[in-house]
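This report refers to the structure that appears directly beneath it.
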Amino acid sequence: MTASHTGSYEPVFVGAVMEELQSVFQRYPNKQAALLPTLWIAQREHGWISDRIMAEVAEVLGLTPAYVKGVVTFYTMYHQHPVGKNFVQVCTTSPCNICGAEGVVKAFLEHTGAGDAGATSPDGKWTIVEVECLGACGFATPVLINDDFLENVTPEKVPDIVKKYR
């Protein structure tokens, strides 16, 4: 969440960001239908979706905060707490676990300093999470780092991957 040095909330949808949102509205039959892209914009601007941002999204779209929260909590792509600069999702479903996904998670935690899955590294650069299917069972273990999709990741490949994103 964006706050000034005094702790006050700074709205997301002002200036150029509001102009962008207005152009998004043109692609939908009504403002409420633009909820998912509106949340993407808010997350891009602030890194995560706080309760206050959910309330602002609801106000901008004419929805209730409870409805927006229901959507945010349903989809795993929206962060409900601050995350690192590099958000790493490792598939750990059964096929990937058979191919060593747990070792990939452990390697990412060790090489990034994140400590535990879901925690952010002390330098703020890494958050590692385990996720259900990334849709690439034939290329285990798949990993999604921000918007980059990696296939066939092994624990041995992790140090070079981490180096690339530092």
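Return the single residue from Gly100, Gly15, Gly70 with maximal mean-square fluctuation; model: Gaussian network over the chain, springs between Cα atoms under 10 Å. Of Gly100, Gly15, Gly70, the most mobile in the Gaussian network model is Gly15. Taking amide H as placed 1.01 Å from N in the peptide plane, the amide H of Val131 sits under 5 Å from that of Val90, Cys91, Thr92, each at least 5 places away or on another chain. Membrane-span-like helices in the chain (whole DSSP H runs, Cα extent of at least 30 Å along the helix axis, mean Kyte-Doolittle hydropathy of at least 1.6): none found.
Can you compute the helix-only [θ] at 222 nm over the chain? Use -39500 (n - 2.57) per DSSP H run of at least 4 residues, normalise by all residues, nearest 500 deg cm²/dmol.
Using -39500 (n - 2.57) per qualifying helix, the result is -12000 deg cm²/dmol.
Among (i) 33, 18, 13; (ii) 25, 24, 20; (iii) 27, 17, 15, which is the computed semi-axes √(5λ) of the Cα gyration tensor in Å? Among (i) 33, 18, 13; (ii) 25, 24, 20; (iii) 27, 17, 15, the one derived from this structure is (i).
Computed from the coordinates by the stated procedures, all read-outs in this text should not be read as laboratory data. Source: prediction; values computed, not measured.
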